[in-house]
Amino acid sequence: MPIGDFLPRTGEQRAPRELPPASAFAGDDGTCPPLLAAALGLPPGADRIGAVVRALAEERVLVPVVAHEETEHDADVREKLTGRRERVGTASQDEPTVDHHGDRHASAALVTVRTPDGREALPVFSSVTELAAWRRDARPVPHQGPRTAMAAVDEAGGVLVLDAGSADPVVVPRPAVWALARGEAWVPALADPLVVAEVRDVVAAVDGVRRVVVVAGTRAEVKIELAVVAGLTREQIQVVAGQAAQALGESVVVAERVDSLELALTTA
């Protein structure tokens, strides 16, 4: 995936910063944690994503933050990440603030990006080096993967991007982020018999559908190869496709366990 897909939207480029002091991560030198390094060393694909998700359940990541004037919303975000609540304008031990305007205080704001398919995502990084390659003005704040996932669910549509400035960034699917936030094991959609059966059954019930095949997608997590009965007009085929999409959209199983879908139409 091209590096430019996840470039920051704003921000002055400055020298990279070291990890800020934090009691839970006092010995952290900013390098990539072992489990995460092993996962990122795998070739791009489903196995790599699965290994990254398992590593995130155990390891810390670096969340990029940038200076701005704090609001109550920012205090809410910080509470989700740290488990602590502080009044707007007060300084925490882990994240000192600087007073620029008397009763208005500079704080640290989460940064979000747009993925290539247009979704909002929370960027996180495996190391200080990876963060600096993406955005030099951001300050790295270490947090455990599950707590970061909680913030992503609330602030970025439940999507994480790991090492957005690298040649092979990892987009962590929404269901995986939800599983991390809940402390549950994530099962990829195609490896989940319930998901595969649900997709087949839901689509097969649509009038005009002759055959349904569920495979890995190229533009989405799951691709549905849908064969319609022969002899339908273009307009009728479009109706079948629309009804299939609507049926999938109404499925609770699909909504909770599938990150993205693509349809491919053929005639039987």
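Computed quantities for the displayed model
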read-out: Options ARG211, ARG200, ARG219; residue that is among the charged types (D, E, K, R), in contact (Cβ under 8 Å) with a residue 60 or more places away in the chain and touching a strand residue (DSSP E or B) at 6+ places or on another chain (Cβ under 9 Å); value: ARG219
read-out: Qualifying residue in region 22-44 (condition: hydroxyl-bearing (Ser, Thr, Tyr) and modelled with pLDDT under 95); value: yes
read-out: Hey, ALA216 of a type in the set (A, V, I, L, M), under 16 Å from the mean Cα position of the chain (by Cα) and within 28 Å of LEU35 (Cβ to Cβ) or not; value: no
read-out: VAL206 being at pLDDT 95 or above, on the phi < 0 side of the Ramachandran plot and not in a loop (DSSP other than H, G, I, E, B); value: no
read-out: Of all residues making up region 177-203, the number that are in a helix (DSSP H, G or I) and touching a Pro at 6+ places or on another chain (Cβ under 8 Å); value: 3
read-out: Checking LEU261 against (1) assigned by TED's automatic domain parsing to the domain that holds GLY41; (2) under 25 Å from PRO44 (Cβ atoms), the condition it does not meet; value: (1)
read-out: Selection within region 244-267 - more than 29 Å from TRP186 (Cα to Cα) and either of a type in the set (A, V, I, L, M) or assigned to a helix (DSSP H, G or I) (or both); value: LEU265
read-out: Residue match in region 177-190 (condition: surrounded by 14 or more Cβ atoms within 10 Å (Cβ to Cβ), of a type outside the set (Phe, Trp, Tyr), farther than 17 Å from GLY45 by Cβ and in contact with a Lys or Arg (Cβ under 8 Å, 6 or more places away or on another chain)); value: no
read-out: Residue selected from region 21-40 under the condition among the small types (Gly, Ala, Ser) and over 13 Å from LEU162 (Cβ atoms), by the criterion surrounded by the most Cβ atoms within 10 Å (Cβ to Cβ); value: GLY30
read-out: Identity of the residue in region 114-136, surrounded by fewer than 18 Cβ atoms within 10 Å (Cβ to Cβ) and within 25 Å of GLY30 (Cα to Cα), that ends up modelled with the lowest pLDDT; value: ARG136
read-out: Criterion: β-branched (Val, Ile, Thr), at pLDDT 85 or above and more than 16 Å from the chain's Cα centre (by Cα) - qualifying residue of VAL111, VAL77, VAL65; value: VAL65
read-out: LEU232 being among the aliphatic types (A, V, I, L, M) and modelled with pLDDT of 95 or more; value: no
read-out: Test: residue in region 211-233 that is more than 30 Å from VAL63 (Cα to Cα) and of a type in the set (Ser, Thr, Tyr); value: yes
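The values are calculated or read from the model by the stated rules, or taken from the named source; none is laboratory data. Remember, it's a predicted structure, so these values are computed and weren't measured experimentally. Cβ: placed from backbone, ideal geometry, glycine included. Neighbour counts: every protein chain shown.
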